[in-house]
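Here is the structure we will look at, set down as structure tokens.
The values are calculated or read from the model by the stated rules, or taken from the named source; none is laboratory data. Just so we're clear, the structure is a prediction, and the values are computed from it rather than from any experiment. Every residue, glycine as well, gets a Cβ built from its backbone with ideal geometry; the counts of neighbours run over all protein chains shown. The protein model used for the area step is the full one, side chains on, heavy atoms only, and it has no ligands, DNA or RNA in it. Shrake-Rupley method; radii C 1.70, N 1.55, O 1.52, S 1.80 Å.
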Amino acid sequence: MKFVVAPDSFKESMTARGAAAVMRAAIEAAAKETGTEADVVELPIGDGGEGTLEVLTAAMAGRQVEIDATGPLGERVKATYGLSGDGATAIVEMAQASGLQLVPPEARDPLRTTTYGTGELIRHALGHASVRRLIVTIGGSATNDCGAGMLQALGAAVLDAAGRPIGRGGGALAQAARVDLAGLDRRLREVSVSVACDVTNPLVGPRGASRVFGPQKGATPETADALDAALAHFADVLEAASGERLHDVPGAGAAGGIGAALLLCGGKLMPGIELALDAIGFDAALAGADYVFTGEGRIDGQTPDGKAIAGIARRARAAGVPVVAFAGSLQPGYEPLYAEGLLAAFGITPRPVALADALREGEANLYRTVTNAVRLLAGAGRRE
């Protein structure tokens, strides 16, 4: 049997590359135990969140560049971006400087977190004269500031009623009175900007950035309401400055609204998983495959809406290859994917357990669950 293993990262437990290695080891061990021949192709994947930088840089035979940048709470952090082997493409992963993994759970507060460091990464990447395309991956953020920090780092002025720069964080957006985009880095006009986005949420409202994703970043219901109001106000200010109404644009609410700000920078929003699958040659790898094994930390009701596993299932279905998915947490709502090419989904955590223990035991749990799945498939194959 030929297996294509294409997992996303299991956040805070395994990178995509690490999960792929575990899957390979489990498949090969189970195949040996069952007397089955197994051919395994590893294609770790990312849909725009943490780890996509590594996937895309490797696929483009590139390298990573490290700089000092501003972290989500204003601290200095080491962050990297990628350059393709020919130097024509720069890859900026928002999670590197503005990611949720950089903020301890007890300190997560989208009223305060900023995207300023993401702007610094973009500015540094544009300093390479050879760059003609900029890819910005915007999953896994800790922020809800509508990209205001990024715009400031790139030269835009975001001012209060007294003409002073507003502070950082989603809460400060309520103080914005005027945005001047004239100072935006001119090099943005000289490159194409592709924004790898894994959601289609609008900027504001019940499905907007604050109410849907704010709780994951530390927002209480009251905080989420305040953030939504601040985003709506800031969207009005941006419309006055640019003439563009971004409130209801699909994807504008991605990563706390940075999707909207990147549209003002000339960006084109596109499904991150589609961009990544093209980069790694996923379609070609499906030739002759019997199964695709994929997975990520959580599979739930958001998964069918542009997440990695949804994109993988749809492409594999077109090639007639069934998909088996594995997740640290398997929650209701993913079931529409059965009609999109998903054969089965398995939660890998074998018992009720504290989150810290589940993350620590992730590799062992994934190995065991994949082993069992391969044994089942091998047995079914023999009966056929």
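At pLDDT below 95, under 15 Å from Ile27 (Cα atoms) and open to solvent by less than 30 Å² (accessible area, probe 1.4 Å): which single residue out of Gly379, Gly311 fits that description?
Of the residues listed, the single one that is at pLDDT below 95, under 15 Å from Ile27 (Cα atoms) and open to solvent by less than 30 Å² (accessible area, probe 1.4 Å) is Gly379.
Among the criteria (1) part of a helix (DSSP H, G or I); (2) more than 17 Å from the chain's Cα centre (by Cα); (3) surrounded by fewer than 24 Cβ atoms within 10 Å (Cβ to Cβ), the one Leu231 does not fulfil is (3). Regarding region 238-253, can at least one residue be identified that is open to solvent by 50 Å² or more (accessible area, probe 1.4 Å), in a helix (DSSP H, G or I) and out of contact with any strand residue (DSSP E or B) (no Cβ under 7 Å at 6 or more places or on another chain)? Yes: one or more hits.
With respect to the conditions (1) under 25 Å from Glu190 (Cα atoms); (2) in contact with a Gly (Cβ under 9 Å, 6 or more places away or on another chain); (3) open to solvent by 50 Å² or more (accessible area, probe 1.4 Å), Glu66 falls short on a single one, namely (2). If you go through region 339-369 and pick out every residue that is farther than 19 Å from Thr303 by Cβ and aliphatic (A, V, I, L, M), you end up with 6.
Inspection of region 25-36 identifies no residue that is part of a loop (DSSP other than H, G, I, E, B) and open to solvent by less than 10 Å² (accessible area, probe 1.4 Å). Condition (residue is small (Gly, Ala, Ser), in a loop (DSSP other than H, G, I, E, B) and at pLDDT 95 or above) applied to region 15-24: is it met by at least one residue? Scanning region 15-24, I find no residue that is small (Gly, Ala, Ser), in a loop (DSSP other than H, G, I, E, B) and at pLDDT 95 or above, so the answer is no. When region 257-273 is limited to residues that are part of a helix (DSSP H, G or I) and open to solvent by 10 Å² or more (accessible area, probe 1.4 Å), the one that is nearest to Val55 (Cα to Cα) turns out to be Leu263.
Against the conditions (1) among the polar types (S, T, N, Q); (2) more than 23 Å from Ala252 (Cβ to Cβ); (3) in contact with a Gly (Cβ under 6 Å, 6 or more places away or on another chain), Gln101 satisfies every one except (3). Among the residues of region 182-211, those that are at pLDDT 95 or above, open to solvent by less than 40 Å² (accessible area, probe 1.4 Å) and part of a loop (DSSP other than H, G, I, E, B) comprise Leu184, Asp185, Val191, Pro202, Leu203, Val204, Gly205, Gly208. May I ask you to verify whether Gly301 is of a type outside the set (A, V, I, L, M), modelled with pLDDT under 95, in contact with a Gly (Cβ under 6 Å, 6 or more places away or on another chain) and open to solvent by 30 Å² or more (accessible area, probe 1.4 Å)? Taking the combined requirement at face value, the residue satisfies it.
For region 314-364, taking the residues that are of a type in the set (Gly, Ala, Ser) and open to solvent by 50 Å² or more (accessible area, probe 1.4 Å), the one that is nearest to Val195 (Cα to Cα) is identified as Ala318.
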